[in-house]
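Inspection log for the structure reproduced underneath, given as structure tokens.
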Amino acid sequence: MLVELTIENLAIIDNLSLEFDQGLSVISGETGAGKSITVDALSYILGGKVDHNMISHDKTQCNLVAHFDVSNIPKARTWLKEQSIESTEGECIIRRVINKEGRSKNYINGQSMPLHALKSLGEMLIDIHGQHAHQSLVKDTHQRELLDQYAETETELLEIARLAKEIKQRTEQLERLKNQDDSMRERVEFLNFQLQEFKNIAPKEGEWESIVEQHNEVSHAEEFQEGIQLSLGYLDDERGVLTLLNKVSAQLTALAKLDQKFQTYADMINEAEILCSEVTNDLNRLDGIEVDEKTILRLESRMRELNDLARKHRVEPEDLLKKQAEIEDEINSQFLSEDAIIDLENELKAEQEKWQAAAHRITQLRINAIESLNPEITAAMQGLSMVGGAFDIRLLPEKPYSSHGQERVEFYVRSNPGMPFYPLGKVASGGELARISLAISVILSMKSSLPTLIFDEVDTGVGGAVAEIIGKHLQELSKGRQVFCVTHLPQVASFGHHHFAVSKSKSKDHTETEIKKLSNDERIHEIARMLGGVKLTEATFNHAREMLSASHSE
């Protein structure tokens with residue numbers, strides 16, 4: 001419940017503090033006095049968008065404070081606890097300081113909070129029905145929101161909105177992959193062509209190095225033969241190295257018998273002899289290389305094949321197998337992309353099935369709500385002097401996988417008996433729209449658990465007996481809760497349990513709005529003023545007394 005409201009430097013309010021009670025509080029005043037300024041202030045306090053021009057022209061900031069009692073609002077108390085905000089005996093003080101640039105500082109029980117926190121908490125405390133609500137009533141999105149509010153589809157709508165978002169994302173991702181898949185197929189065809197070239201030529205591990213070595217041997221066979229023959233001659237003939245080393249070894253061995261140090265030299269010569277002998281054996285094996293033109297041509301042909309393939313792929317011949325492996329890996333990765341498409345299609349199908357199930361639940365909740373709402377709103381319309389009028393909510397097909405279900409909502413109305421139903425926006429006049437909007441607001445509010453409801457000039461476009469019925473509805477609605485109504489109709493104002501009058505005082509260089517809670521006598525005078533007339537007569541005052549008495553007789 002709203003306990004107190006403090007407004008500083010907002011519009012033409014310098015400093016104002018108001019205390020409130022349960023029941024129906026009506027706010028009245030002359031046109032232009034600023035009757036709705038309290039509603040604006042509460043809207044700002046609860047996170048509403050600020051018109052910085054509303055700040056008093058000679059001030060740098062405004063200060064708005066709302067004091068709530070949340071002791072009987074478990075949801076709000078739980079929220080405060082979750083935010084680690086201390087609350088003594090259900091006290092909740094929301095403060096918003098707004099500067100000329102539209103920036104604000106926000107506090108809950110003295111603790112600095114982001115703006116969205118004020119909005120979240122405000123949704124648990126107050127429901128504001130604005131003076132232009134009937135204008136938005138013709139919009140199909142607003143009609144759907146009203147039905148869903150009554151049908152209590154909030155949980156299901158959050159789920160279906162999440163599913164719709166995922167379906168949209170997966171559909172777009174799948175489309176991208178499929179578009180890529182077309183180009184991937186072309187790429188795979190090209191890669192397979194390249195791979196076939198590799199398979200046809202079939203390079204082997206270490207083949208290039210081996211071919212180069214073989215080619216080097218056979219292409220220099222004559223030079224090798226000549227050099228080998230000369231080397232063998234130097235090593236192995238009667239006056240060759242081996243013969244001489246053998247003689248030196250014998251001499252040194254003989255000297256070693258006389259002096260042991262010569263044995264070391266003899267051993268060294270023996271080792272040299274062994275090495276030269278091994279070289280001689282190897283050269284003898286190589287002595288026989290023949291010049292084979294066919295072998296040379298075969299090797300050179302293979303070298304050209306490998307070289308051409310390497311040049312085509314811009315690698316060295318010895319790296320051809322590595323390049324072939326890269327091509328095979330890329331081909332395999334394309335097949336993985338095809339698997340990803342299949343997986344994504346399966347995921348999308350699963351999400352779509354979940355969406356269908358959620359949409360069906362929402363549809364059923366809406367149908368159940370419509371069965372109750374149609375007769376209730378029809379009865380309320382007839383009670384608001386739309387005799388013979390009827391109301392019908394219809395569910396029409398919506399595009400698949402939307403964020404709000406499988407149907408759109410449209411309100412239909414019949415103004416007179418025997419007439420067909422037409423969409424609300426096409427047949428209802430401004431006055432009828434206002435009455436239908438009020439009927440819906442009252443019915444929805446009766447189901448609402450919010451402790452405080454505000455109706456800002458929702459009686460626009462009506463008067464007389466209809467205004468009296470509106471007053472009765474609001475008074476009935478205020479039982480066990482707090483209801484505010486900004487009104488210009490005496491018939492509505494007379495039903496209030498509390499009455500606040502808004503007035504504007506002017507001096508030479510200053511204008512200020514004042515709001516005062518009226519005593520019973522002051523209230524009679526205000527009702528009389530609202531009844532009209534240039535000069536208030538005793539008859540007008542008596543009429544005001546009778547209206548107040550009749551409004552509270554039950």
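The values are calculated or read from the model by the stated rules, or taken from the named source; none is laboratory data. Remember, it's a predicted structure, so these values are computed and weren't measured experimentally. Virtual Cβ from ideal backbone geometry, glycine too; neighbours counted across all protein chains shown.
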Between a first residue in region 535-546 that is closer than 12 Å to PRO490 by Cβ and a second residue that is part of a loop (DSSP other than H, G, I, E, B), which pairs have beta carbons less than 7 Å apart while being 6 or more apart in sequence or on different chains?
THR540/GLY533
Of LYS426, LYS447, LYS399, which residue is within 35 Å of the chain's Cα centre (by Cα) and more than 30 Å from SER71 (Cα to Cα)?
LYS399
Conditions (1) touching a strand residue (DSSP E or B) at 6+ places or on another chain (Cβ under 8 Å); (2) of a type in the set (Val, Ile, Thr); (3) crowded, with 20+ Cβ neighbours inside 10 Å -> VAL466 fails only (1)
Please work out if GLU154 is within 30 Å of HIS360 (Cα to Cα), free of Cβ contacts under 8 Å to residues at least 12 places away in the same chain and surrounded by fewer than 15 Cβ atoms within 10 Å (Cβ to Cβ).
yes
Any residue in region 452-464 that's of a type in the set (S, T, N, Q): show its pairings with residues that are part of a strand (DSSP E or B) at Cβ separation under 8 Å, as long as the two are six or more apart or on different chains.
THR452/LEU2; THR452/ILE126; THR452/ASP127; THR452/GLN482; THR452/VAL483; THR452/PHE484
Is it the case, given these coordinates, that LEU121 is of a type outside the set (Asp, Glu), farther than 30 Å from LEU453 by Cα and either surrounded by 15 or more Cβ atoms within 10 Å (Cβ to Cβ) or in contact with a Cys (Cβ under 9 Å, 6 or more places away or on another chain) (or both)?
no
In region 361-386, which residue that is touching a residue at least 12 places away in the same chain (Cβ under 8 Å), assigned to a helix (DSSP H, G or I) and closer than 22 Å to ALA467 by Cα is farthest from the chain's Cα centre (by Cα)?
GLY383
Residues that are outside any strand (DSSP E or B), touching a residue at least 60 places away in the same chain (Cβ under 8 Å) and surrounded by fewer than 19 Cβ atoms within 10 Å (Cβ to Cβ), drawn from region 402-427:
SER402, SER403, GLY425
With (1) exposed (fewer than 13 other Cβ atoms within 10 Å of the Cβ); (2) in contact (Cβ under 8 Å) with a residue 24 or more places away in the chain as the list, and ASN332 as the residue in question, which single condition is left unmet?
(2)
Total residues in region 149-164, condition under 22 Å from the mean Cα position of the chain (by Cα) and part of a helix (DSSP H, G or I):
11
Would you be able to say whether some residue in region 59-73 is of a type in the set (D, E, K, R) and either part of a helix (DSSP H, G or I) or at pLDDT 85 or above (or both)?
yes
Is there any pair with a first residue in region 49-60 that is surrounded by 10 or more Cβ atoms within 10 Å (Cβ to Cβ) and a second that is among the acidic types (Asp, Glu) whose Cβ atoms are under 8 Å apart and which are 6 or more apart or on different chains, and what are they?
HIS52/GLU101; MET54/ASP40; SER56/ASP14
